[in-house]
Amino acid sequence: MTEAKRRLFVGTFLDAGQAATVAQLKSLNPELSQKWHLKARFVPLQKLHLTWLFLGDVEAELVESVKSDLEKTIRDWKHTENGGTFEINYDCVVVWSSLQSPRVLVLESTGANPPASSLNKAINIGLQNYSQKDGKVERFDRFRPHLTVCRFSYDSQSKTKERRTNRSLDDFKTPANLFALSHRIDTISLIESDLNTGPNGYSSILDISIDSV
């Protein structure tokens, strides 16, 4: 019997303090769904993360190979790029794909960050044989470090009204200390998404410390 597939991505979670800061967005914006005429679903605290590469559904028998190749990728990146722990500073709120047709709301880092860009490129190359295309995943010509904090969905019965709604980021309230958020990148994780385990169904199946590889 063929083994089941496992839904995987490479990411770095926020630490508990950082996640708690971002999680305030939900309590500060209880009327966002009503104002924007769509369903706003804030990402649970335990799932807040930066994605380096979405792999998609991977054959279970290949998972150990993915782990091995990811470890080698990080080891080679550290050697060739003199890589190590670094930080990503998020500095703005952005809606993708647009305010007229919102899909997700993210915190984005817009400044140049050579370590992040080179690490993302290395991971994409190192795991390219496992990566699956998924139309629900935002893909760009360059790496745009971000945290997805809210996802939107439409009510099919009132889609016309929803798309005609005038939306503004001025409607969205943020904590005063939000953009002091500095994400320390010291661990790269292979993360499994299991929808059968409930809304918080992300679990790390491999953690690689950048400073110890």
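The values are calculated or read from the model by the stated rules, or taken from the named source; none is laboratory data. Please read all numbers here as calculations on a predicted model, not as lab measurements. When we count neighbours, we look across all protein chains shown, and the Cβ atoms used for this are built from the backbone with ideal geometry, even at glycine.
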Answer residue from region 71-123, given it is in contact with a Cys (Cβ under 8 Å, 6 or more places away or on another chain) and not in a loop (DSSP other than H, G, I, E, B) and is surrounded by the fewest Cβ atoms within 10 Å (Cβ to Cβ) among those: GLU108
Among (1) over 16 Å from VAL93 (Cα atoms); (2) surrounded by fewer than 20 Cβ atoms within 10 Å (Cβ to Cβ) - the single one GLN24 does not satisfy: (1)
Some residue of region 125-139 being at pLDDT below 90, farther than 20 Å from LEU105 by Cβ and surrounded by 15 or more Cβ atoms within 10 Å (Cβ to Cβ): yes
Odd one out for LEU38, checked against (1) surrounded by 19 or more Cβ atoms within 10 Å (Cβ to Cβ); (2) at pLDDT 95 or above; (3) out of contact with any Leu (no Cβ under 7 Å at 6 or more places or on another chain): (2)
Residue pairs meeting the criteria (Cβ under 9 Å; at least 6 apart or on separate chains; first modelled with pLDDT under 90, in region 146-159; second outside any helix (DSSP H, G or I) and of a type in the set (A, V, I, L, M)): TYR154/LEU38; ASP155/LEU38
Options VAL63, VAL106: the member that is aliphatic (A, V, I, L, M), in contact with a Lys or Arg (Cβ under 9 Å, 6 or more places away or on another chain) and more than 28 Å from PHE42 (Cβ to Cβ): VAL63
Pairs, first free of Cβ contacts under 8 Å to residues at least 12 places away in the same chain and within 14 Å of LYS39 (Cβ to Cβ) in region 91-105, second among the hydroxyl-bearing types (Ser, Thr, Tyr) and buried (at least 18 other Cβ atoms within 10 Å of the Cβ), C-beta under 6 Å, six or more apart: none
Filtered residues of region 166-188 (kept if within 22 Å of GLU31 (Cα to Cα), among the aliphatic types (A, V, I, L, M) and surrounded by 14 or more Cβ atoms within 10 Å (Cβ to Cβ)): LEU178
Residues of region 37-53 that turn out to be closer than 13 Å to CYS150 by Cα and either touching a residue at least 40 places away in the same chain (Cβ under 8 Å) or touching a strand residue (DSSP E or B) at 6+ places or on another chain (Cβ under 6 Å) (or both), as a count: 10
Evaluation of GLY56 against (1) of a type outside the set (A, V, I, L, M, F, W, C); (2) farther than 23 Å from SER109 by Cβ; (3) in contact (Cβ under 8 Å) with a residue 12 or more places away in the chain; (4) assigned to a helix (DSSP H, G or I) (one fails), failing number: (4)
Test for LEU62: is it at pLDDT 95 or above, under 23 Å from SER204 (Cα atoms) and surrounded by 15 or more Cβ atoms within 10 Å (Cβ to Cβ): yes
